[in-house]
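See structure below.
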Amino acid sequence: MNTVSPPAGRVTRRKLVCALGAGLATPLLSGCAARGYEKLPPPTRSGSRLDFVFPKGDSYLDISNAHTGERTALRFMKNGRTDRRALQRLDWLFRDWRDGEAPSIDPRIYWGLAALSDAVRRQGHSGQITLLSGFRTPQTTRLLQSRGGGAASNSYHMRRRAADIQFAGIPTEEVANIAEWLQVGGVGRYHGSDFTHIDSGPIRTWRG
């Protein structure tokens, strides 16, 4: 099913605060996270706006993978409880599509994306997300580096804690502004390639 994206528009910080205040055939790959990956941190981070906003909002996500064409639309939390099957479907969408490896993604990434999506839907946009890059294996990282893609050797993508995204109808700068306000973690603005990077590492910002 295709959706029609609203025209691009600004989501100001004032509008964001008002909006958030108002609301204040997929494989099941259990066990993939045990393949030698580091233990993920808890999804909560004391004192961040995301930890205050997300529980009051909607966990609905509508995400398309730009490389595979797959689309997943679901809620990954219901009545305060995590839906493990929903997370498994999201983890598969976020897999390294080059080799099919799909370990568990840090739930905080999904928290951040849901809060972003909820905020822009309150402003009349679809909230639909295009995923450009989720999990990446070391092999994929080396491949991208060999092609001059600028992938970092210590990338949070390899640690299952990052996503490169576009929001339908929302300019990159505005997506980054909301993510930065939410204190999701790392926020990178890549205007040349027209995407926003978020990760669940320390709070910081940069331009690529």
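Where a number appears in this text, it was derived from the coordinates with a stated rule and is not lab data. In this text the structure is predicted, and so the values were computed from the model without any measurement. Counting neighbours? That spans all protein chains shown, and the Cβs are built from the backbone with ideal geometry, glycine included.
Quick check: net charge around residue 59, other residues with Cβ under 12 Å of its Cβ, Lys/Arg +1 and Asp/Glu -1?
0
Per residue, how big is the convex hull of region 73-208 when only Cα atoms are used? Give it in Å³.
Each residue corresponds to 108 Å³ of Cα convex hull volume.
If you take every residue apart from residue 43 with its C-beta less than 10 Å away from the C-beta of residue 43, what net charge results, scoring Lys and Arg +1 and Asp and Glu -1? All intermediate terms of the calculation are to be shown ahead of the outcome.
Values: positive: 45, 108; negative: 51, 106.
Around residue 43, the surrounding residues sum to 0.
What are the principal axis extents of the Cα atoms in region 48-111, in Å, biggest first?
Principal extents (largest minus smallest coordinate, Cα): 36, 20, 20 Å.
Run the numbers for residue 143 and residue 38: contour at 0.36 nm per residue of separation, minus the present Cα-Cα distance, in nm.
Working: separation 105, 0.36 × 105 = 37.80 nm, distance 2.22 nm.
Working it through step by step, the gained length comes to 35.6 nm.
How much length is gained if the chain between residue 52 and residue 99 is pulled fully straight, taking 0.36 nm per residue apart and subtracting their Cα-Cα distance, in nm to one decimal?
Contour length minus Cα-Cα distance gives 13.3 nm.
At what distance in nm do the modelled label points of residue 60 and residue 82 sit from each other, each positioned 7 Å from its Cα along Cα→Cβ?
Each label point lies 7 Å from its Cα, and together they span 2.3 nm.
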